[in-house]
Amino acid sequence: MGLKSDNWIKEKSLKDKMIEPFCEEQVGKNVVSYGVSSYGYDIRVGNEFKIFTNVSSSVVDPKNFDDKNVVDFVGDTCLVPPNSFALARTVEYFRIPDNVLAICLGKSTYARCGIIVNVTPFEPGFEGHITIEISNTTPLPAKIYANEGIAQVLFFEGDEQCKTTYADKNGKYQKQRGITLPRILK
């Protein structure tokens, strides 16, 4: 399994629409950078957010998620409350090849501010927007800039085809659009 370069990412995105919209160059002046980088792709966060709140004083249960636990917000910037978090989505829509696994890590600009980005791996065969968790570990409100970089995706191509892709499993988040809250298949 090998880490893929910027040339591979460009080819897969332009030819096979692996990333849409795709930014062929890294954009970084007066913004948190995004676009293709040496061995990855810096994704952008959209302008839609679901900010966690304790207004309803309910329990966060991944098997029975109550959408009253979040407040919807749309804007160019989002303030994540102290010691809380928000969900967002990527601007980009992904189509991961069947022999590729992608790992996403937060950008250092946000990490240096105590803002942690968590995204689960993009499995082979996955298609959709990526739901992003943005945690504010500080005792202060944290500002997130929509349509700017939030994390970097690294692509690893397998030496052989996996037995079952995410698409083959009919994954519960396959072809998700927008921010997708947790759900359990019944």
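We did not get these values from a lab; they are worked out from the coordinates using the rules stated. Everything quoted here is computed from the prediction, not taken from an experiment. All Cβ positions, glycine included, derive from the backbone under ideal geometry; neighbour counts span all protein chains shown.
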Notebook entry, point to check: What lysines could a cross-link reach from Lys17, if we take a straight Cα to Cα line under 20 Å and drop same-chain neighbours fewer than 8 places away?
Noted result: Lys4, Lys175
Item checked: the stretch 1-156 - Rg (one decimal) and Dmax (whole number), Cα, Å -> 16.0, 49
Next item on the list: For the chain, give the magnitude of the charge dipole about the Cα centre (Cβ charges: +1 Lys/Arg, -1 Asp/Glu; no others), in debye to the nearest 20.
Entry: 380
Margin query: Angle check, please: helix 6-16 long axis (alpha carbons) against the longest principal axis of the chain (alpha carbons), in degrees 0 to 90, nearest 10.
Written below: 90
Notebook entry, point to check: How high is the relative contact order of the stretch 1-160, in percent, with contacts defined as C-alpha pairs under 8 Å that are six or more residues apart?
Noted result: 31
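Using the 10 angstrom Cβ neighbour count as an exposure proxy, how do Tyr34, Tyr173 rank, fewest first? Each step should come with its number before you reach the end.
Numbers: Tyr34 25, Tyr173 17.
Going from sparsest to densest Cβ surroundings: Tyr173, Tyr34.
Give me D for the stretch 44-108 in µm² s⁻¹, whole number, from Stokes-Einstein with Rh from the Kirkwood sum over alpha-carbon pairs, 20 °C and 1.002 mPa s. Please report the intermediate quantities before stating the final value.
Values: Rh = 14.2 Å.
Value of D from the Cα-based Kirkwood radius: 151 µm²/s.
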Next item on the list: Which order do the peptides 151-164, 54-67, 123-136 take when ranked by the mean count of other beta-carbon atoms within 10 Å per residue, highest first?
Entry: 123-136, 151-164, 54-67
